[in-house]
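Enquirer: Mind having a look at this structure? Questions to follow.
Read the figures in this text as sums done on the coordinates, not as results from a lab. Remember, predicted model here, so these are calculated numbers, not experimental data. Methodologically, a virtual Cβ is constructed for each residue, glycine included, from the backbone with ideal geometry; neighbour enumeration extends over all protein chains shown.
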Amino acid sequence: MFCQNCSHELPDSVKFCPECGHGAMGGTVQQRIELMNCPDCHGSGNIRGKRCPSCVDGRLSCNACGGGGSEMNPDPDGYALILCSYCGGSGLGSQCLTCSGTGQVLESCTTCDGVGQLPRNQVEEMLARRRKWEDERLARERERKAKEEAELKRREEERKKAEAEEAARKELERKRVEEERKRQAAIEAKRREEERKRAEEERKRQAVIEAKRREEERKRRETLAAEQRKRETIQASRRRDKKCIMCGEKLGLFDRLCGCETHSACETFKY
């Protein structure tokens, strides 16, 4: 038969379990308790605990060099340090017996109190609780991820909204600049047109003034020419009627003296 408390196999004649001291219920156990390996220590009863204080990563210090990795070598001029011939300079020696070379001290499993096995129903309840805790943790993780995704989505929407607003602002700015450029171009075109009109009017005015001046110059020249022709006509007529001022004798066109003997030396003429 088996103890109901620790499932230790008992002789039929005992009344108390020698392992745990639990009563054997009149010396007879009607139901055998099915055992399972502890889910934490996997049946070994021990789990790895803190680092081993006696070694470094499962190795003891070298006894030859004391963990320094070097030793003194006699030299004719004194002593020199050389690598330890036992550990090769690493300073580590044999395997630690306290932790069996693992670097960690084994501690008794608190789940099964170092037994390594637990009743099936207890293990199933423990695993069920752990699955529940894991499911709750996964649910919290999923909720956290969902919140993070929602936050990322919100930030992405805010970023897109900000980009859209920035694009709209840039578009408005571009339109404003384009309208300002067109307005300035229209003002410049109007100014150039007014300047062209003023230049054209000035050119026409100057042309009118120049035409008037030329007309006046032409009239003046014609007047001068008419006066010159009149003077020439008068002079020609005077030359045709040229007479001696002394005696009144008519002279020829090219004569300078009258032909009379009295006034042969006359040099004064009236034209």
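Enquirer: Each label point is 7 Å from the Cα along the Cα-to-Cβ direction; what then is the distance between the points at Arg129 and Ala236, in nm?
Expert: The modelled label-to-label distance comes out at 15.4 nm.
Enquirer: Still on this structure, please answer the following. Just rank Leu118, Leu127, Leu60, Leu138, fewest to most, by other beta-carbon atoms within 10 angstrom.
Expert: The fewest-first ordering by Cβ neighbours comes to Leu138, Leu127, Leu60, Leu118.
Enquirer: Work out the FRET efficiency for Ala189 and Thr223 from their Cβ-Cβ distance, taking R0 = 41 Å, and round it to the nearest 0.05.
Expert: That gives a FRET efficiency of 0.25.
Enquirer: Taking 45 Å as R0, compute the FRET efficiency from the Cβ-Cβ separation of Arg214 and Val177 and round it to 0.05.
Expert: Working from the Cβ atoms, E equals 0.25.
Enquirer: Compute the FRET efficiency between His42 and Arg159 as 1/(1 + (r/R0)^6), taking r as their Cβ-Cβ distance and R0 = 45 Å, and round to the nearest 0.05.
Expert: It comes out at approximately 0.35.
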